[in-house]
Amino acid sequence: MGLFSWNWSAADSLPGKECRFYKTLFDGQVQCRLCPRKCIVAEGKRGTCGIRENRGGKLYLITYGKPCSLGVEPIEKAPFFHFMPGHRRLVLATVGCVLRCRFCQNWQISQAEFEKVPYMELSPEQIVAVALKQKVQSICFTFSEPVVFYEYMYDVAKLAHEHGLKTSMVSSGYIEREPLLELLKVLDAVKIDLKGFTEKFYEEMAAADLPPILDTIKTVKKSGKWLEIVNLVVPGHNDDPKDMERMCRWIKENVGADTPVHFTRFFPEYKLKSVPPTPVATLVRAYGIARAAGLRYVYVGNVPGHPMENTSCPRCGKTLIERQGFQVRKNSLKKSGCPYCGEKLRGLW
Amino acid sequence: MARRADPGVPALIPFALILLVLGLSGLAGQIVLLREFLVVASGNELAIGLFLGAWLLLESAGCLLAGRLWGRSQRPAAVFAAWQAAFAALLPAALYATRCLRELAGAAPGEGLGAAALLFWALALLAPVGLPHGALFALAGRLRERERPGASPAGLVYGWETLGTLAGGLLLTFWLIPRWDSFRIVLAVGALDLLFCVAVLLRARDERSPRLLVLCALAAATAPFIAFGPADESLHRGSVRRQWPGAEVAFYENSVYGNITVLRSEGQATFLTDGKVAAVSPVPDIEAAEELAHLPLLSHPRPEAVLVLGGGAAGLLREVLKHPVRRVDYAELDPLFLEALARFAAPLTAGELQDPRVRVHRVDGRLFARDAAGRYDAVIVGSGEPDSLQSNRLFTREFFALARRRLKPGGLLAFSLPGSTAFLDRNRASLNSCVLQAAAGVFAAARPIPGDTNIFLASDDPALSGIAAGTLARRLRQRRIRTGFVGPGQLSLRLEEQWTRQFQGFLAPVAGGAGVNRDFNPRAVIHALADWNAMFSPAAGRLLASAEAVTLPRLAAVLAVALLAALAWRRRSSPAAAPAALAATGFVGMLYSMALIFAFQALYGYAYLWVGLLVSVFMAGAAAASLAVGAVGAVRSAGRAFLFLEAALAVFSAALPVVFEMLAGSPVPDNVLQGAFLALCLASGALTGAQFPLACRLSRAGMAPLYACDLAGGVLGAVFGGALLLPVLGLAQACLAAALLKVASLVFCLVSFKVESSPKS
């Protein structure tokens, strides 16, 4: 790998780490309390995520210290547009996910069996050391579903904070309230993939349900941590203007007009091989709906060069941050203010 | 007591014509449904093997079942007509159901299907037509037996039915597909079938089936009105709408190369070839187009002449034209695709294709690269990943050698493969590895630029490996190129050492087993298919991924064990010998067909155009040989002739790869080579077809079970041979495996036959 060498050895080469949120049941079974699935896991079995295993009546995170992805990338790729624009982050992921999205971009690790994927052996101390050596400004937990490697993420994030690094998570938001509140203590920014705004979409396309995700979004906002929301617009599946309008209104009413919302373009991916890419007009329409709903920071994504990928002042409309793909071409913000009208823009600048 | 047809009454329709129609309608149904099935399978070629396997299996089951149930029927004409009418009626229904397959399978609109689901649904959809069609073969034999008691109908039925298949292949490929939609074809075929139902019933004057006769006559009279009236249009449109729910289907046509569909939505046109997204306008995949154009062209100090092979329209050409190029040759195979682009032109596509510097060539990219007179500063492979034999032709070692000859000094080749900065699994790593090894074996320098899509640059200029991001950024600035995605920062990120090291880390564990991607050993296709199945059918994906364990010595060992076991269990004059040999012949016959198509595809790239002709000539050989052997009457020693054919098949199998290699390296003109392909098809068809009537003489099993054995061998040949042996072992070793199989069946027959006094000779 780029920074460390791969290990192809079997899953039981390391013991993993005991999970923090689970309950012991009878007959050696345990119930995971990390995500809303609340899997009941029998002895020797794993939860839906594929990486939390019942060993002798105790639940273990088997990917603790075993990331399969580690690299340095711009924060815009997440996309995070109001979180220290242009900075480089260390990205980190292990195998596993509780959702079954048919359009997953990282299905090779999110849907894979742990034993089929090579990994590196890196303790939280080593991860932070890498981050410092690479001179990144933050560590970002992303690619698969960071919630499922909770304990590892928590320990890395805690240590990162101790070393002055920022931390962020890119997640579906499928997590219980208690572990989330605990986690937010060590995170600075959270990006939630709000995949759609109907129960039907979540059920059919992701094998999940919507209410817990909305709860997560509200909890993140209440915690004061920086929140951005991404909605991947899949043609024919979640592009109904009425649903988009409901979603935007909900966002404004529950987490405020200052929460950045990204409508990103879908390209045929994973199981949705024959679904056309999202028409740019659909994204522009979504942008219009969001702005009409009162949201102040709305973006169109995966359309490089589109003016709606730039950050504009919500008051005077001047372009303040110009982007080209994942790069920040120009940043005119003065501290957090618009140099033209003085408006303060929300974000972690 | 059985009544017999009055020999004094001349038959209204010759029996041979009934068989011809039987063969023709079977093939028409097969080709039409296969093409539609391929669209639902998003162009995945694995579907072809699964489809053909399912079809043969069902035909075989239908034949066997009919032989059991109606082998002694006293009313064979009525039964035949009833089944033919059922086939005619169910064929359009099967077509409609195929277009609704995603819905039936519970898949989301636009979702692909895995191998297991495809096999299941191929069997389910084809059962209503494959079973009746197989039954008709057995019933035709019974019909003939009753008309001419004592005469063996096997050669006649097999021969004329096969000739019908030949006629169907030619008619479909060269006349019907370019002119009619799929519903019109199957309805017209159904009308023909119903007409012949009437003929069969009228012909058998000793059988009285007035109701059936009226029903068939009415249906036959109605079907043309449906086929050529508004009902056809509404069936076509209705089923296409269900195939693409929620989308506006602006264009849906079949060319000889495949299906082209255009979906429109909110000003965007999406062009799909065989159900797979091939181009989007007016806003393309900007990231992909910019990276594939600018990374290679910025790596060249002065690109003036550029060759783009496939996938150029809707994005890539626009980016290429931003450089100071003087000439861009763009080769695109399917004229219908270009026609669709022109019909739904956006400023993007119109600007690209009408630019005076661009010359569009309606030809296969590989052939263009072979025959083009010019030399280029850059050759860019714009077509997608090598997930089919067609697309793989631009990613093999042989192609890279060809491309190298087309490059000017300092020129470079560029292509892309699936990548990921997060993780590259074993299948994708193997795919990247086998193609990279093929390029590295030809060029002095082959440089991967890993990312979410991996871009590869190859050149004989070793300086290519050392070009830095700064140089590319400087050239971008000097050429005043405006981009949406590729800028100095992105170039710097793209060329960071961390990605190269990570990429090497992904490839290291698979490099040994991934192989080198070759024309006749398309490793990339098997890795791409394994990748596909990892998404949809993880179990099938694992099976394909572990296919590397299949080797020729292992197959030989398995065959040896099977032979010893068969010999240990045999009885004297074993009745299993001829059926087993026939099944083995069915297997190698299917393997020959697929190997010939495979080799033709590798060399010429337009096998879809020629597939009908190649298969038809193969069938013609089989039919002619079957008829000839059948007409000889009592071959004096059927056993010896059978054994001779066994030996001939073994020798032919072993010689085939040598002939292919000679053809590939031969400097003779294309038409001579193509003639040689047709001759090979004819010879392989004749060798396999001649055995059937001999087996009928040798075995007491009867025509229907023997035909079922032949088809069952064909099933295995399609699934195991076509989908596994050919891609995994490559052409040469797969043919050698066929030779070993025939040697085994020859030994089995030699030991089992009482050669001098075979049962029926």
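What follows is calculated from the coordinates using simple rules that are stated; it is not laboratory data. What you see is a predicted model; the values in this text were computed from it and never measured. Neighbour counts run over all protein chains shown; Cβ positions are idealised from the backbone, glycine included.
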Quiz item: Angle between the Cα long axis of helix B:638-665 and the longest principal axis of chain B, 0 to 90 degrees, nearest 10?
Solution: 10 degrees
Quiz item: Among the listed pairs A:Lys77/A:Lys200; A:Lys158/A:Lys222; A:Lys222/A:Lys344, which are separated by more than 24 Å between their Cα atoms?
Solution: A:Lys77/A:Lys200
Exercise. Give me the aspartates and glutamates in straight-line cross-link reach of B:Lys742: C-alpha distance below 13 Å, same-chain residues under 8 apart excluded.
Key: B:Glu646
Quiz prompt | Exposure proxy order (Cβ contacts within 10 Å, fewest to most) of B:Trp532, A:Trp349 | solution = A:Trp349, B:Trp532
Quiz item: For the peptides B:158-164, B:317-323, what is the packing order when you average, over each peptide's residues, the other Cβ atoms within 10 Å and list the highest mean first?
Solution: B:158-164, B:317-323
Quiz item: Just how far, in whole angstrom, is the stretch A:22-99 from the stretch B:715-738 if you go by their alpha carbon centroids?
Solution: 43 Å
Quiz prompt | Partnerless Cys - chain B, beta-carbon criterion under 4.7 Å | solution = B:Cys63, B:Cys100, B:Cys434, B:Cys681, B:Cys696, B:Cys709, B:Cys735, B:Cys749
Quiz item: If you count, for every residue in B:257-268, the Cβ atoms of partner chains within 10 Å of its Cβ, what is the mean?
Solution: 3
Quiz item: What order do you get for A:Cys341, B:Cys696, A:Cys32 when you list them from fewest to most C-beta neighbours inside 10 Å?
Solution: A:Cys341, A:Cys32, B:Cys696
Quiz item: List the lysines whose alpha-carbon lies under 16 Å from that of B:Lys276, not counting same-chain residues fewer than 8 positions away?
Solution: A:Lys271, A:Lys273
Exercise. Can you pull a Stokes-Einstein diffusion coefficient for the protein assembly as shown at 4 °C (1.567 mPa s), Rh from Kirkwood over Cα pairs, as a whole number of µm²/s?
Key: 41 µm²/s
Quiz prompt | Computed [θ] at 222 nm, deg cm²/dmol, chain A (DSSP H ≥ 4; -39,500 (n - 2.57); rounded to nearest 500) | solution = -6500 deg cm²/dmol
Exercise. May I ask for the distance between the Cα centers of the stretch B:478-514 and the stretch B:37-52, given as a whole number of Å?
Key: 33 Å
Exercise. Quick one: order A:Asp193, B:Asp425, B:Asp193 by neighbouring beta-carbon count within 10 Å, fewest to most.
Key: A:Asp193, B:Asp425, B:Asp193
Quiz item: If you average the sequence gap of Cα pairs under 8 Å that are 6 or more apart and divide by the length of chain B, what percent do you get for the contact order?
Solution: 15 percent
Self-check item: Cut-off under 5 Å, modelled amide H: who pairs with A:Glu18 long-range
Solution: A:Leu61
Quiz item: What order, most packed first, do the peptides B:395-408, B:234-247, B:728-741 have when packing is the mean number of other Cβ atoms within 10 Å of each residue?
Solution: B:728-741, B:395-408, B:234-247
Quiz prompt | Proximal lysines to A:Lys218, defined as alpha-carbon separation beneath 17 angstrom and excluding residues fewer than eight positions away on the same chain | solution = A:Lys185, A:Lys191, A:Lys195, A:Lys252
Exercise. Return the inverse of the average 1/r over all pairs of distinct C-alpha atoms in the stretch B:580-703, which is the Kirkwood hydrodynamic radius, in Å to one decimal.
Key: 15.1 Å
Self-check item: Segment A:Lys334-A:Lys23, extension gain: residue separation times 0.36 nm, minus the distance between their alpha carbons
Solution: 107.0 nm
Quiz item: Rounded to the nearest 500 deg cm²/dmol, what is the calculated helix-only ellipticity per residue at 222 nm for chain B, with -39500 (n - 2.57) per DSSP H run of length n ≥ 4?
Solution: -20500 deg cm²/dmol
Quiz item: Full extension from A:Ser223 to A:Lys58: what is 0.36 nm times the residue separation minus their Cα-Cα distance, to one decimal in nm?
Solution: 56.3 nm
Practice problem: For B:Arg208 and B:Thr500, compute 0.36 nm times the residue count separating them, minus their Cα-Cα distance, and round to one decimal in nm. | Solution: 97.2 nm
Quiz prompt | Average Cα contact separation per residue, chain A, under 8 Å, 6 or more apart, as relative contact order % | solution = 13 percent
